1. Expressed as cubic angstrom per residue, what is the convex hull volume of the alpha carbon set of the chain?
2. Karplus couplings for the stretch 127-138 from phi (6.51 cos²θ - 1.76 cosθ + 1.60, θ = phi - 60°), rounded to Hz, Gly and Pro as x?
3. Going highest first, how would you order 150-157, 67-74 by mean Cβ packing within 10 Å?
Amino acid sequence: MTSDGNSYFDRRRRFVQALYGLNAALSQEGPAVAKARQKLAKLRRSFSGPQREVEAYSIVFPFDPPAAEQRAWLLVAGLFALHPQPPTARWRSVGGAMQVLAAGGRGDPARRRLEQLLSVGGRDLPHYLRQVMTLLRSAEITLDFHMLLDDLVVLLSHEFTADAAHTVRLRWARDFYRPQRPARGTDQSDTPAAASAEPATA
């Protein structure tokens, strides 16, 4: 950590804000739209294997991710590209987003996917997170990517203990199973009531 505004936390925040900026650019006109689409396409392709992951480096590494966090940053960038969204779901974790999905009529698929996600290690985590993000995109449910990056840094970095990773998984499970209540600062357009009232879109 440093005192010059370039702490690990500050870098993460600027990086996620830039991802949200790509989504905002999609609603603009002119060259900004084409540039945002190009970047998002590169980030989606990064999931296709090591050769395609290279395309994401020019988008992620200018934000100077700490070496121990690089895997988490690249994964978050790809997940965001799968489901671009505005920053309307502050404090909503993966578990909280899956709870919204379950309350919208997809209880069994949401529970199964979350249980799979909670049971795998870091090597298999990206695969199951991609499946979860596809489900959330189909129902237009958002989550907090600032929180997601913080959580994945813990789950994927060797600098954190197994207990720290277990704490993240417990929080995701708790957010899924606890009684529903509006999250702080959350856009209510994708609350359970809204999700159940509107058909899911691809």
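Any read-out appearing in this document is the output of simple, stated calculations on the displayed coordinates, not a laboratory observation. Note that the structure is predicted; figures quoted are calculated from it, not measured. Counting neighbours? That spans all protein chains shown, and the Cβs are built from the backbone with ideal geometry, glycine included.
1. Given the Cα convex hull of the chain, per-residue volume reads 131 Å³.
2. For the stretch 127-138, the Karplus curve yields 4, 6, 5, 4, 5, 4, 5, 5, 4, 5, 4, 5 Hz.
3. In decreasing order of mean packing, 150-157, 67-74 become 150-157, 67-74.
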